[in-house]
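Quick notes on the structure that follows.
The values are calculated or read from the model by the stated rules, or taken from the named source; none is laboratory data. Just so it is clear, the model here is predicted, and its values are computed rather than measured. Neighbour counts are summed over all protein chains in view; Cβ atoms, including those assigned to glycine, are modelled from backbone coordinates with ideal geometry.
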Amino acid sequence: MNISLQKSLIYLLLVCSVAGDAGGFDMLNPSRAVHDGESLISAGGTFELGFFSCKELGLESLSTTEFSGRYLGIWFRKIPIKTVVWVANRSTPISDSSGVLKVTDQGSLILQVGNGTGLVVWSSNSTATASKPVAQLLDSGNLVIRALMDGNWTSNFIWQSFDYPFDTLLTGMKLGRNRTSGFDRYLTSWNGDPSSGNFTLKADPTGYPQLVVRQGSEIKFSSGPWNGVRFSGTPYLNPNPYYQYEIVLNDEEMYYHYEVLDNTLVSRLTLSPNGLVQRFTWIERTQKWKGYLSSMTDNCDTYALCGAHGSCSIHESPECRCLEGFKPKFPEEWEKLDWSNGCVRRISLDCPTDEFVKYSGIRFPDSSQSWFNKTMNLEECKACCKRNCSCAAYSSLDIREGGTGCLLWFGDLVNIRELDLKGQDLFIRMSVAESAFFISRQRRKLFLRLGPVLAGLFLASGLTATATNKFSSENKLGQGGYGPVYKGVLKNGQEIAVKKLAANSRQGLDEFKNEVLYIAQLQHRNLVKLLGCYEELGLQLDWSKRFHIIDGIARGLLYLHQDSRLRIIHRDLKAGNILLDYEMNPKISDFGLAKNFGEDETEANTNRVVGTHGYISPEYATDGTFSMKSDVFSFGVLTLETVSGHRNRGFFHPEHCHNLSGHAWKLFTEGRSLELLSPAAGNLYDKVEVLRSITVGLLCVQRSPEDRPSMSKVVLMLESDIELPFPGEPGFFNERNSSEGSSSTHCPSTNNEHMVTLPYAR
């Protein structure tokens, strides 16, 4: 037998012997075709290639064609709901069942009508030729053309369907561009039937990579630039055990792709007919596709909704506002909710003396007009941006390993939105005059240490509320353009005026901050003096900040109890006596009730119990006995309040009459402690850290002082992984009489948290 004949027989034998399950073949050669009614099945039986109609997909009523056309496509074979992932002739359906798929001798795929004798309605148009070509459906869903050389299939494909995506991206597919040839792979939506719709999903080749959805030529959605871990606009996309994804960027290629890590998981990324990017996973139990994530989750995902230098917040109404240092370009249009023309600078730039101000917790601007460098550090990046007067902002390119690389923005900054989760830092160029008055949006706190006004962790300031008699109408002096003004008297007798921003003020926030900033800078006996100001923080504290505050308070209390020259018991540890600096570092304040203990003293008694309801320990409230364990009790209450965002005293739950400590203990005993965590802490939290903090808080509020840990043990428990004991029932488990029932009518709440003096006999 000659060599040529031997190779031909091997070729024929290989083609005919490679079969998928149920007897189906996964390969074609020039002598074997696929007719309508036949199919190719991948070797593992995962995918099938064949002919279908819209009626088979349940889409007949949506078809825009005049007939029930036939299409050649690929779908998941083992899923009962026929889910098509690729179509060959999406624009040229066949009117009958005479379609045939063939492989030519030159190595091209062709789809003909008339049982292979008529018009070619689709072709792979392969430019390369092959000796003894075959077409094979792989278990990845990729239809490929390869050649036989020396008895083996070549690893390089002459053509592959993965290079010509449909509306679906499968694992291993590339969404992006060959930077050398310009060849682009992108998704195109359906148009009711498989024909091409108006939406496309592309990896934007200009600037630094981002994914962009367009309707025609108009951008409808942008993911924000890639930061090494995720796209800036998708903070909920974190590394997970199910699949991994990345942007590949080198001299030859720029593309997005993902790989499924769990081979039992069936997942697909699609571009819907209405332009949504959606990921689905197949749930075997329900026999349905389940949506895992979706773009355009709210109005703020609309591309450039707030125009240039505007920022969108879905928690505000209206959603759009100008960035700090900017004002509406056309105020009248802005007032009518037309934000398309965006914002302009209040003060013009004066390059190169301009400074940069930091924003966090935002989706980064559109990066189509950007420049990047992978090797610069952040300081070099800043210097590079400052030297170039056209540079509008800069940031680290990659957030991994503390931040590396440099990303510069030029032109207008568009498509910014506020995020519930902390994002990376963006530094925006501003004039020196404007940057001097800038207060970072992510801090959301105007806290100027210019006087005795104390800003606490929670919504109301006990000091200003007391001074103004809870902002009573009798103390109201008048009404300004953006809120009321109240007369107040501090404890030292000093009279103050308290200006409060009205909740329904639309443009008042900018003017309010502007007034604060200028008054803070100007001091004269004939000008009003600013004592201080505060803004509500609770909604802005993610879990990392909350834990940082808990740990900081614990360390401060440990110093008072053990490490300072004097052994101090604070006796009034509460939220209102915890100050936060610009970096969210907690500062224990107000030592007016503190007591100094000698080295041999462990507890003391008093006839006059002072403190704040909700934080006082049981033994102190009932017997007047206080010790370091009294402070530990107060710290435990503070910890549970910080985790939950609720006060201990006045806490209400429709199912019971427990206070916050009792509620936390109830959840703990039922194995539901994570339900205590405030939704405002975000979705990015360390589960073990949260559970440990709750357990430590419960250990600290136990009824008996002897059962509570010392502050040195508290710090150790918070900062290590030592095993924690099981906490007992808290002191003051029920704030109200539980016999009254658990309905809301029987559990009135109170917001009273003022200083109290309770006389008790010893």
- Considering the stretch 40-70 alone, what residues qualify as being within 30 Å of residue 148 (Cβ to Cβ) and either at pLDDT below 90 or surrounded by 19 or more Cβ atoms within 10 Å (Cβ to Cβ) (or both)? 40, 41, 42, 46, 47, 48, 49, 50, 51
- Message: Please go through the stretch 543-576 and give me each residue that is surrounded by fewer than 19 Cβ atoms within 10 Å (Cβ to Cβ) and either part of a loop (DSSP other than H, G, I, E, B) or touching a Cys at 6+ places or on another chain (Cβ under 6 Å) (or both), ordered by number.
- Response: 564, 565, 566
- Only unsatisfied item for residue 684, checking (1) free of Cβ contacts under 8 Å to residues at least 24 places away in the same chain; (2) not in a helix (DSSP H, G or I), is (1)
- Item | Every residue from the stretch 238-296 that is under 30 Å from residue 373 (Cβ atoms), modelled with pLDDT of 90 or more and among the polar types (S, T, N, Q) | 250
- Message: List the strands (runs of 3 or more DSSP E) inside the stretch 383-484, counting only whole elements, that have at least 3 residues being at pLDDT 85 or above.
- Response: 391-395, 406-410, 416-418, 426-430
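Conditions tested, residue by residue: (1) under 36 Å from the mean Cα position of the chain (by Cα); (2) assigned by TED's automatic domain parsing to the domain that holds residue 56.
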residue	(1), (2)
118	no, yes
124	no, yes
127	no, yes
134	no, yes
160	yes, yes
172	yes, no
188	yes, no
207	yes, no
- Among 432, 414, the single one that is buried (at least 21 other Cβ atoms within 10 Å of the Cβ) and of a type in the set (Val, Ile, Thr) is 414
- Return a yes/no flag: does the stretch 702-711 have any residue that is of a type outside the set (Lys, Arg), at pLDDT below 90 and touching a Phe, Trp or Tyr at 6+ places or on another chain (Cβ under 8 Å). no
- Message: So, in the stretch 192-218, exactly how many residues are surrounded by fewer than 18 Cβ atoms within 10 Å (Cβ to Cβ) and part of a strand (DSSP E or B)?
- Response: 4
- Would you mind stating whether residue 157 is at pLDDT 95 or above and out of contact with any helix residue (DSSP H, G or I) (no Cβ under 8 Å at 6 or more places or on another chain)? no
- Message: residue 315 - would you say it is over 20 Å from residue 366 (Cβ atoms) and either touching a strand residue (DSSP E or B) at 6+ places or on another chain (Cβ under 7 Å) or loosely packed, with under 15 Cβ neighbours inside 10 Å (or both)?
- Response: yes
- Test residue 698 against the stated conditions and say whether it is among the hydrophobic types (A, V, I, L, M, F, W, C), under 22 Å from residue 720 (Cβ atoms) and at pLDDT 95 or above. yes
- Task: Restricting attention to the stretch 687-732, report how many residues are farther than 19 Å from residue 616 by Cβ and in a helix (DSSP H, G or I).
- Result: 17
- Test for residue 174: is it of a type in the set (D, E, K, R) and at pLDDT below 95: no
- Message: Here is a check on your reading of the model: is residue 86 under 17 Å from residue 166 (Cα atoms), modelled with pLDDT of 90 or more and touching a helix residue (DSSP H, G or I) at 6+ places or on another chain (Cβ under 8 Å)?
- Response: yes
- Message: Residue under question is residue 112, and the condition is that it be within 25 Å of residue 79 (Cβ to Cβ) and either surrounded by fewer than 21 Cβ atoms within 10 Å (Cβ to Cβ) or of a type in the set (Val, Ile, Thr) (or both); does it hold?
- Response: no
- Message: Given (1) surrounded by 15 or more Cβ atoms within 10 Å (Cβ to Cβ); (2) over 21 Å from residue 278 (Cα atoms); (3) β-branched (Val, Ile, Thr), identify the lone condition not met by residue 180.
- Response: (1)
- Item | Flag if residue 342 is at pLDDT 95 or above and not aliphatic (A, V, I, L, M) | yes
- Item | Hits in the stretch 635-677 - residues which are over 19 Å from residue 726 (Cα atoms), at pLDDT 90 or above and either of a type in the set (S, T, N, Q) or part of a loop (DSSP other than H, G, I, E, B) (or both) | 642, 644, 677
- Out of the stretch 220-252, which residues are within 24 Å of residue 140 (Cβ to Cβ) and surrounded by fewer than 16 Cβ atoms within 10 Å (Cβ to Cβ)? 237, 239, 240, 241, 242, 244, 246, 248, 250, 252
- The strands (runs of 3 or more DSSP E) lying wholly within the stretch 294-370 that contain at least 1 residues that are under 23 Å from residue 424 (Cβ atoms) and of a type in the set (Phe, Trp, Tyr) are 326-328, 355-359
- Message: Suppose the filter is in contact (Cβ under 8 Å) with a residue 12 or more places away in the chain, closer than 29 Å to residue 247 by Cβ, not in a loop (DSSP other than H, G, I, E, B) and not β-branched (Val, Ile, Thr); does residue 141 pass it?
- Response: no
